[in-house]
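Everything on this sheet refers to the single structure shown next.
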Amino acid sequence: MHCRLPCSFVGGGTGYRVPGTGEVLESGYVVYSPSAKKRLLGVSAETIERYGLTSEAVAWEMALGALRDSDANVVIATTGVAGPAPESGIPPGTMCFAWAFAGEPIAVFTRTQRFFGERSEVMRQGALFGLTRLSHYHQRWLRGERA
């Protein structure tokens, strides 16, 4: 299994501290701005306008863009507000995830989760959550579910 990680929430820090990450992590993106999300991952301006930057719809499109741009067979995409203050009415600690699996058809699972603590702690919790939920969504994908 080879993974790609497009992140706007955890600053790309999802797996870089874990020994052996290089054996499974194909590449990663850090895409904070709307223009980077559009340019590098193909997130549509319409999706950003309609749902906002912190949305499952944006995470979904980030994940699909990362799959299209690599040989990875799984992607974890994140977007959110780490804090300390709310952004566009979104409370700090809110993070939207998308787990995407290559194949026919492609499967994408999304979820929004809120974390609490200082900015660095929120980011750490988000990165850990994204990685630990990968197995859950992989099992759903293996059972043929296509969110």
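The values are calculated or read from the model by the stated rules, or taken from the named source; none is laboratory data. Bear in mind the structure is a predicted one, so any value in this text is a computation, not a measurement. Glycine also receives a Cβ, built like all others from the backbone with ideal geometry; neighbour counts cover every protein chain displayed. Accessible surface areas use protein heavy atoms only, side chains included; no ligands, DNA or RNA. Shrake-Rupley method; radii C 1.70, N 1.55, O 1.52, S 1.80 Å.
Taking the options Thr78, Thr54, Thr112, name whichever one is part of a loop (DSSP other than H, G, I, E, B), in contact with a strand residue (DSSP E or B) (Cβ under 7 Å, 6 or more places away or on another chain), touching a residue at least 12 places away in the same chain (Cβ under 8 Å) and of a type in the set (Val, Ile, Thr). Please lay out each step first, then the result.
Details: Thr78 fails: part of a loop (DSSP other than H, G, I, E, B); Thr112 fails: part of a loop (DSSP other than H, G, I, E, B).
Answer to the selection: Thr54.
Considering segment 30-61 alone, what residues qualify as being surrounded by 18 or more Cβ atoms within 10 Å (Cβ to Cβ), farther than 19 Å from Gln113 by Cα and under 12 Å from the mean Cα position of the chain (by Cα)?
Scanning segment 30-61 gives Val31, Lys37, Leu41.
Could you give every pair whose Cβ atoms fall below 7 Å, whose first residue belongs to segment 35-50 and is of a type in the set (D, E, K, R), and whose second residue is open to solvent by 60 Å² or more (accessible area, probe 1.4 Å), counting only separations of at least 6 or pairs across chains?
Pairs found: none.
Please find, within segment 62-75, the residue that is farthest from the chain's Cα centre (by Cα) out of those that are outside any loop (DSSP other than H, G, I, E, B) and either loosely packed, with under 13 Cβ neighbours inside 10 Å or without any contact (Cβ under 8 Å) to a residue 60 or more places away in the chain (or both). First the steps, then the outcome.
To start, the set of residues in segment 62-75 that are outside any loop (DSSP other than H, G, I, E, B) comprises 62-68, 74-75.
Right, trim to either loosely packed, with under 13 Cβ neighbours inside 10 Å or without any contact (Cβ under 8 Å) to a residue 60 or more places away in the chain (or both) and you get 62-65, 68.
Details: Met62: 7, Ala63: 7, Leu64: 10, Gly65: 11, Arg68: 15 Å.
In this case the residue turns out to be Arg68.
Looking at (1) modelled with pLDDT of 90 or more; (2) under 26 Å from Arg146 (Cα atoms); (3) open to solvent by 10 Å² or more (accessible area, probe 1.4 Å), find the lone condition where Ser27 falls short.
(1)
Give me the residue from segment 90-109 that is modelled with pLDDT of 95 or more and not in a strand (DSSP E or B) and, out of that set, nearest to the chain's Cα centre (by Cα).
Among residues in segment 90-109 that are modelled with pLDDT of 95 or more and not in a strand (DSSP E or B), the one nearest to the chain's Cα centre (by Cα) is Gly93.
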